[in-house]
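Here is the structure we will look at, set down as structure tokens.
What follows is calculated from the coordinates using simple rules that are stated; it is not laboratory data. Remember, it's a predicted structure, so these values are computed and weren't measured experimentally. Quick reminder, even Gly has a Cβ in these numbers, built from the backbone with ideal geometry, and neighbours come from all protein chains shown.
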Amino acid sequence: MTVTGLIIAAGFSSRMKDFKPLLKYNNKSFIYNIINKLNVVCDKIVVVTGYNRLSIEKEIESIDSSNGIETVFNENYKDGMFSSLQKGLKYLNENDWVMYHFVDQPIVENYIYKSLISEIESEYDWIQPTNSGRKGHPILLSPRITKKILVASSSSNLKQFSDNNKLNKKYIEVESTSIFFDVDTPQDFEKLRSNK
């Protein structure tokens, strides 16, 4: 079994009015923070780029990763996040479990990644953290479900899979609310900086 960290960093960051992958948290870029954590639990890391791809590639070159970091460009990034997910999955080994991660969630604690990985079992398709029953991110996806995502319509979205009761899902209750906190707006970013 191998686990690949798949970071989606292809969007415009239009609501943020700044480029989210390169925003700083603890004096390091968002993408640096996430890669640094995934590097501990994943066999490899793949970043899906789109808008402003050269800036992300330059940042990644400066990051030391024992497992290596690869990038794949989604030329259809304007079509939304699901197209980037499909692009990333197409690039991966079809037998990999995938840690699906947004680039605007830099504060998820290390123990949450480790907890998710420790729960991998062959009968599960989907492993997701929860807090007080509320579902968060990142999500672990099995090879079975990634194959289904790859053949889905490009107009689909991951919520359609999340709502599918035929999938065998496992939810891991964690103590942290970091699994909900994504930085979409300048107000979110200010809250992040003030709560460090």
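Just how far, in whole angstrom, is segment 11-68 from segment 90-141 if you go by their alpha carbon centroids? That distance is 18 Å. When shorter helices are ignored and each DSSP H run of at least 4 residues is given -39500 (n - 2.57), the per-residue value for the chain at 222 nm works out to -9500 deg cm²/dmol. Residues of segment 59-89 with an amide N closer than 16 Å to a point placed 7 Å from the Cα of THR2 along the Cα-to-Cβ direction: 66-72, 88-89. With a Förster radius of 45 Å applied to the C-beta separation of ASP184 and SER122, the computed FRET efficiency comes to 0.80. In terms of the Cα gyration tensor, with a ≥ b ≥ c the square roots of its eigenvalues, is segment 1-79 rounded because a/c is under 1.5, prolate because a/b exceeds b/c, or oblate? The shape class here is oblate.
First check a/c for the chain, with a ≥ b ≥ c the square roots of the eigenvalues of its C-alpha gyration tensor; if it is under 1.5, answer rounded, and if not, answer prolate when a/b is larger than b/c or oblate otherwise. In terms of gyration-tensor shape, rounded. Its relative contact order, with pairs defined as Cα atoms under 8 Å and 6+ residues apart, puts segment 18-119 at 32 percent.
The residue among THR185, TYR32, SER118 whose Cα reaches farthest toward the positive pole of the charge dipole of the chain, with charges on the beta-carbon of Lys, Arg, Asp and Glu, is THR185. From the square roots a ≥ b ≥ c of the eigenvalues of the alpha-carbon gyration tensor of segment 120-196, which class results: rounded (a/c under 1.5), prolate (a/b over b/c), or oblate? Judged from the Cα gyration tensor, segment 120-196 comes out oblate (a/c at least 1.5, b/c at or above a/b). A straight Cα-to-Cα reach below 12 Å connects LYS147 with the aspartates and glutamates GLU94, ASP96, ASP125, residues fewer than 8 places away in its own chain not being considered.
Among the listed pairs LYS20/LYS78; LYS44/LYS114; LYS114/LYS170; LYS114/LYS191, give every one whose C-alpha distance is greater than 19 Å.
LYS114/LYS191
Listed values for segment 177-185 are Karplus-derived 3J(HN,Hα) couplings in whole Hz (6.51 cos²θ - 1.76 cosθ + 1.60, θ = phi - 60°), namely 8, 4, 5, 9, 8, 10, 9, 9, 10, and x replaces Gly and Pro.
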